[in-house]
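Structure record follows, encoded as structure tokens.
Bear in mind these aren't lab numbers, they're just calculated from the coordinates by the rules spelled out. This structure is a prediction, so every number in the text was calculated from the model and none was measured. Using ideal geometry, Cβ is built from the backbone for each residue, glycine included, and neighbour counts are taken over all protein chains shown.
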Amino acid sequence: MIQWSTTSQASADQGVKMLAYSGSGSGKTVLCATLPKPVVISAEAGLLSLQRKNLERIYGVNNPHVTYDIPVAQVTTLPQLMEVYHWLAQQGRSHFMSIAIDSLTELAEVMLANLKLGTKDPRQAYGEVIEQVLRMARMFRDLPGFHVYLSAKMEHAKDEASGAMKFMPMMPGSKLGQQLPYFFDEVFYLGVTPKNQQGQSWRYLLTQPDHQYVAKDRSGSLDEMEAPDLTNVINKILGV
């Protein structure tokens with residue numbers, strides 16, 4: 001039987017799937033706390049930025065868009081990640097609204113290191129990690145009922161579409177980082193403004209591409225620059 005819906009209802013049911021990248025220390029991990037009712041899947045040891053005192057310093061106390069104590073699933077292998085995925089697919093909706101993977105780059109590097117141990121040809125390991133990461137990205141992207149946020153490190157590389165050198169998500173190998181943005185409707189660069197005369201700077205999400213950065217917003221609902229608040233971004237996309 002055909003299941004009928006509407007574009008707005010389908011978007012709400014599917015959830016918003018986002019990829020954000022930036023340089024080290026720009027706040028990719030902190031963004032996880034601005035998701036609605038999140039769980040973090042982490043391949044990194046560096047989650048100090050999600051401590052309550054740091055979140056209160058950045059976002060203030062009792063900000064309704066911030067979760068100050070977030071459940072975390074630590075993964076170091078693909079089987080562990082798949083175990084978390086299947087639990088979330090079966091039971092997670094009663095506990096969480098959002099899933100954050102921090103960071104996809106680190107997770108891919110861990111996968112690559114494990115694959116290299118099992119092969120004599122490193123080139124084969126790179127091919128396998130591309131296949132595994134893209135398959136995993138599709139699985140989380142297509143997981144209904146959750147908003148999904150994936151963070152990535154940043155590199156300066158040639159954009160195969162335009163031939164220009166651009167900043168984009170960094171992944172092992174020369175092809176994976178360029179393929180990844182095609183899998184998501186929302187791709188953001190997390191930037192930091194230069195300090196003003198008072199020594200202040202601000203973080204922002206770039207949602208549109210320019211001559212330096214890869215970015216996109218297929219919803220058409222976002223400003224070119226948005227505040228680093230993913231709940232606000234999701235609400236704008238869904239028209240809440």
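Which helices of the chain meet both criteria: a Cα extent of 18 Å or more along the helical axis and a mean Kyte-Doolittle score no lower than -1.0, with helices taken as whole DSSP H segments? Present the calculation step by step, with values, prior to reporting the outcome.
Details: long enough: 78-91 (19 Å, -0.12); 104-117 (20 Å, 0.97); 122-141 (28 Å, -0.42).
Helix filter hits for the chain: 78-91, 104-117, 122-141.
Counting residues in the range 14-188 as N, plug N into 2.2 N^0.38 Å and put the Cα Rg over that result.
Working: Rg = 16.2 Å, N = 175, 2.2 N^0.38 = 15.7 Å.
With N residues counted in the range 14-188, Rg over 2.2 N^0.38 Å equals 1.04.
Within the range 118-196, which trypsin sites (Lys or Arg not before Pro) sit in a loop by DSSP and count at most 16 neighbouring Cβ atoms inside 10 Å?
Filter output for the range 118-196: Lys120, Lys175, Lys195.
For Lys116, go through the aspartates and glutamates and keep the ones whose alpha-carbon is under 17 Å away, minus same-chain ones fewer than eight residues off.
Partners found: Glu106, Glu128, Glu131.
Hey, with R₀ at 35 Å, roughly what FRET efficiency would Asn235 and Glu83 work out to, going by the Cβ-Cβ distance, to 0.05?
Details: r = 32 Å, r/R0 = 0.90.
Here the calculated transfer efficiency is 0.65.
Would you please give the residues with an amide H less than 5 Å from that of Met18, counting only those at least 5 places away or on a separate chain, with H modeled from the backbone geometry?
Val148, Tyr149, Leu150
Quick check on the chain: helices-only [θ] at 222 nm, where DSSP H runs of length 4 and up contribute -39,500 (n - 2.57) each and the sum goes over total residues. Nearest 500, please. If you can, show how the numbers build up before the last one.
Working: 8 runs with 81 residues, N = 240.
Mean residue ellipticity, 222 nm, calculated: -10000 deg cm²/dmol.
Would you mind computing, in nm to one decimal, how far apart the modelled labels at Ser221 and Ala113 are, each placed 7 Å from Cα along Cα→Cβ?
Placing both labels 7 Å along Cα→Cβ, they lie 3.9 nm apart.
Considering only the other residues whose Cβ falls under 10 Å of the Cβ of Glu224, what net charge follows from Lys and Arg at +1 and Asp and Glu at -1? Walk me through the intermediate numbers first.
Working: positive: none; negative: Asp210, Asp217, Asp223, Glu226.
Charge balance in the 10 Å sphere: -4.
With a sphere of radius 14 Å drawn around the Cβ of Leu78, what net charge do the other residues whose Cβ falls strictly inside it have (Lys, Arg +1; Asp, Glu -1)?
Working: positive: Lys116, Arg135; negative: Glu83, Glu106, Glu109, Glu128, Glu131.
So the environment of Leu78 carries a net charge of -3.
Distance cut-off 28 Å, Cα to Cα: go down the list Lys28/Lys236; Lys17/Lys166; Lys120/Lys175; Lys53/Lys216; Lys158/Lys236 and report the pairs above it. Each step should come with its number before you reach the end.
Working: Lys28/Lys236 20 Å; Lys17/Lys166 23 Å; Lys120/Lys175 21 Å; Lys53/Lys216 32 Å; Lys158/Lys236 32 Å.
Pairs exceeding the cut-off: Lys53/Lys216; Lys158/Lys236.
Pairs of alpha-carbon atoms within less than 8 angstrom and 6+ residues apart define the contacts here; what relative contact order does the range 119-193 have, in percent? Walk me through the numbers on the way to the answer.
Values: 49 pairs, mean separation 16.9, N = 75.
About 23 percent, as a whole number.
Determine the percent antiparallel among the DSSP beta bridges restricted to the chain, to the nearest 5. Present the calculation step by step, with values, prior to reporting the outcome.
Numbers: 14 of 36 bridges.
Close to 40 percent.
Based on the Cα gyration tensor of the range 43-107, what are the three equivalent ellipsoid semi-axes, each the root of five times an eigenvalue, rounded to whole Å and given largest first? All intermediate terms of the calculation are to be shown ahead of the outcome.
On the way: eigenvalues 120, 53, 12 Å².
So the equivalent ellipsoid measures 25, 16, 8 Å along its semi-axes.
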